[in-house]
2 protein chains.
Amino acid sequence: MNAVEKSLPEVRKHPATGRPQPEDLDAAPPAEARSTDRWLLRKVSAFLGAPPIEFAIRGGARVCNTSEPLARVSFASRAHLLAVLADPWMRFGDAYSDGNVTVEGDLVEVLETVYRASATAEKPSWLRRAAELAQHRPHVNTLAGSRDNIHHHYDIGNPFYSLWLGSTMAYTCAYYPTPSATLDEAQTAKMHHVCRKLRLRAGESVVEAGCGWGTLALHMARHYGVRVRAFNISHEQVAYARERAAREGLAGQVEYVEDDYRNIGGHYDAFVSVGMLEHVGAKNYPTLGGIARRCLGSNGRGLIHSIGRNHPARLQPWIEKRIFPGAYPPALSEMSQIFEPWDLSVLDVENLRLHYAQTLRHWLALYEGAREQVRAMFDEKFVRMWRLYLAGSVAAFSTGTLQLFQVVFATADNNDIPWTRAHLYAS
Amino acid sequence: MNAVEKSLPEVRKHPATGRPQPEDLDAAPPAEARSTDRWLLRKVSAFLGAPPIEFAIRGGARVCNTSEPLARVSFASRAHLLAVLADPWMRFGDAYSDGNVTVEGDLVEVLETVYRASATAEKPSWLRRAAELAQHRPHVNTLAGSRDNIHHHYDIGNPFYSLWLGSTMAYTCAYYPTPSATLDEAQTAKMHHVCRKLRLRAGESVVEAGCGWGTLALHMARHYGVRVRAFNISHEQVAYARERAAREGLAGQVEYVEDDYRNIGGHYDAFVSVGMLEHVGAKNYPTLGGIARRCLGSNGRGLIHSIGRNHPARLQPWIEKRIFPGAYPPALSEMSQIFEPWDLSVLDVENLRLHYAQTLRHWLALYEGAREQVRAMFDEKFVRMWRLYLAGSVAAFSTGTLQLFQVVFATADNNDIPWTRAHLYAS
């Protein structure tokens, strides 16, 4: 059982009396109601491909297709179960956040089982229709729309993120030279991996589209002697990054610009974007590629690092609505629309999906360790919402539902490119 | 000056008298005709972006925009020049093969200059229209169509190919650990690179789609202890490969099947295809991917190695008609249609374009050294046609017009994939 779940109340109590509320009493409901509940719970199990998980109405019916279930998923009431069934991809997350669904057992393992099972399960048409109806209009990535979307996620407080991102404050997939590397080691290794892929040389200039808290820009300046202009539309992140650059004596080499990638001007030796593409929106990819092309001269090269997919599909709708408005992880066919209209040459694609699962495991562990602080900053609902997001993300990468692509590209006629990739692995 | 061109007659002689034919005499044509010829030659130069090349009518008008031209391109007569202008992408190749266009200077360098210049030149609309009109119906890759297409290229004689492919008889891009590696070293290194990318383990089974003269299949069996079923529809190549496997005592481990990739059955640990995709045709990519998916179990992985492009475009029409009927080098967006319909996960893409330029330089040098044997096997027209093909291919890869993609993929839920790519570079 997950340590956190253990400490969470499985039974809701009346706020005044402290006594269990009616739907949580273990008194047996009428036999007919139990039979209906069991039928519904079997529907849930079947929808998920009959995983080894017990499904239950809290204090009521239980359904399980194995004597040793991996975990138990409990709904607070039949009404909550019905609500989830009507729109599972959206309402499961909300019900979990509200405590109306609880999970006894390892949350990541449960979600991995669910991801694996649902990838192969036959979806009954009524559930598929319900899921389709639940598709809502995505948040638009216009200049103003992007600002709103980014504000929603990244401006909820630097202190919050600093609780669980590790010392680098890098909020993107790390690179673990070995699986036993620590989070901070892996984030530092990721930055070196990116710089080596770009073959940065002292004195060169780099433009960064979407710089988070500014860590990579500082790393490039400090270790590779380059000048960096780094763009970001998150006010909180830019403020943090500027303060950090000044404190570390790198403000002369690194300029943070609070502006949209679409307003990037100037000429640079390299273009880099780590973890921004997810927020760009597929219809803007040719625009992004055009900006990269315009920025780069004949020796130009670039790197784009992004969450992706094996085939085009929208983001899990609950994540898209509650966590990342406007986000979209592209398939490679979609990413190619960054490069192909501009004759940019893709030199190297590396899929780091297992590294992102590992990064997220590290973030989740730090997050769980800091949950009391998170609860004090926000509330229990927020704690559960972000736990589900992080655990679900581990599961999405570990089961192959999401990918992580690092794409190195160059202008078409650039022959000053590495002969092999051996230099990336030289010690 | 290219050694070969030096030895070729610049002036066509009457077959009986041995005297120069009228259009090659250096007697000055009338001034008016010269002026028209110069106007036409300036058109050619402008169309190609005014490269530092002299254009001439043999024994007549000359046009050059520099005092130190890189080379001279001569047309046998105004009629030949007009024919080339009417359909340059097709007729230049034919005129060169027939000796009605000659090149004094390094042919590769001339073609590189032309490729680079034409990439940036403004195409006048009448020339663009002419080029479009020249688009002919491509050869169809049905089962029978593919057999005809492959026969056209690969069944022209194993002795011919053995003159210039080196000892490995590998007719695909090599991998040069360093630029100074020899052709044979690089072909062997390529096969190891492919096997390492597939992480072949002793006792595993591999299916190969399009096996050429069978070299990779033998290499996998000998060095990695795997069993291989290798498919090819070229009768000559399969006969050669079977004889070789028997001679090398590997017939028990390697089975060569004279059949189309669409008829591959069975289950294997790995799927590999090196240099076949160019002949598959983009509309058949989902079929190819479906076959790979069906062949592979949950630990499945595969590799596809193919000539490609930065963006979708048809093959140079002369190459497509005279050399490679039915061939089409895809952009990555097109290649992704192999993988995306089947949820296959792209793990690694490596672009080896400079390695293919180097491979082709080595082939061209061997080819030039064997031109007397080639002439004896065929005729002078064939010698010139294949020279142009090889030299033009060097130029296409060295200028970034063509790419070479090695794509590693795996089934979506396969977590038994390499943690990093460092093992590819361990000595």
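A short reminder: the numbers here are calculations on the coordinates, not readings from a lab. Not measured: the values here are computed from a predicted model. Cβ coordinates were reconstructed from backbone atoms using ideal geometry, including for glycine residues, and neighbour counts include every protein chain displayed.
For region A:332-397, the square roots of the Cα gyration tensor eigenvalues, ordered a ≥ b ≥ c, give a/c of at least 1.5 with a/b greater than b/c, which places it in the prolate category. Taking θ as phi - 60° and the Karplus parameters 6.51, -1.76 and 1.60, the scalar couplings of region A:164-171 work out to 9, 8, x, 5, 7, 6, 8, 10 Hz in sequence order, x denoting glycine and proline. Taking the DSSP bridge list for the protein assembly as shown and keeping only pairs wholly inside it, about 45 percent are antiparallel.
Classify region B:30-110 from the C-alpha gyration tensor, please: rounded if a/c falls under 1.5, else prolate or oblate depending on whether a/b exceeds b/c.
rounded
Across all directions, the shadow cast by the convex hull of region B:183-303 built on its C-alpha atoms averages 7.2 square nanometres. Counts of other chain beta carbons within 10 angstrom of each beta carbon in peptide B:352-364 average 1. For region B:50-66, backbone phi angles converted through the Karplus equation (6.51, -1.76, 1.60; θ = phi - 60°) give residue-by-residue couplings of 6, x, x, 10, 8, 10, 9, 8, 4, x, x, 5, 9, 9, 8, 9, 8 Hz, Gly and Pro being listed as x. Shielding value for B:405-412 is 3, the average number of Cβ atoms from other chains within 10 Å of each residue's Cβ. Helix content alone sets the calculated 222 nm mean residue ellipticity of the protein assembly as shown: runs of n ≥ 4 DSSP H residues at -39500 (n - 2.57) each, divided across all residues, give -13000 deg cm²/dmol. Cα centroids of region B:158-214 and region B:48-101: 38 Å apart. Taking the inverse of the mean 1/r over every pair of distinct Cα atoms in the protein assembly as shown gives a Kirkwood hydrodynamic radius of 30.3 Å. Of all beta bridges that DSSP places with both ends in region A:143-425, some 40 percent have antiparallel geometry. Ratio of Rg to Rh for region B:382-427: 1.28 [Cα atoms; Kirkwood radius as inverse mean 1/r over pairs].
What you get for the protein assembly as shown, charging only the Cβ of Lys and Arg (+1) and of Asp and Glu (-1), is a dipole of about 580 debye around the Cα centre.
Straight-line cross-link reach from B:Lys321 at under 12 Å between alpha-carbon atoms covers these aspartates and glutamates, not counting any fewer than eight positions away in the same chain: B:Asp94.
Taking every residue in B:329-339 and counting other chain Cβ atoms within 10 Å of its Cβ, the average works out to 4. The convex hull around the C-alpha trace of region B:143-425, projected and averaged over every direction, spans 13.7 square nanometres.
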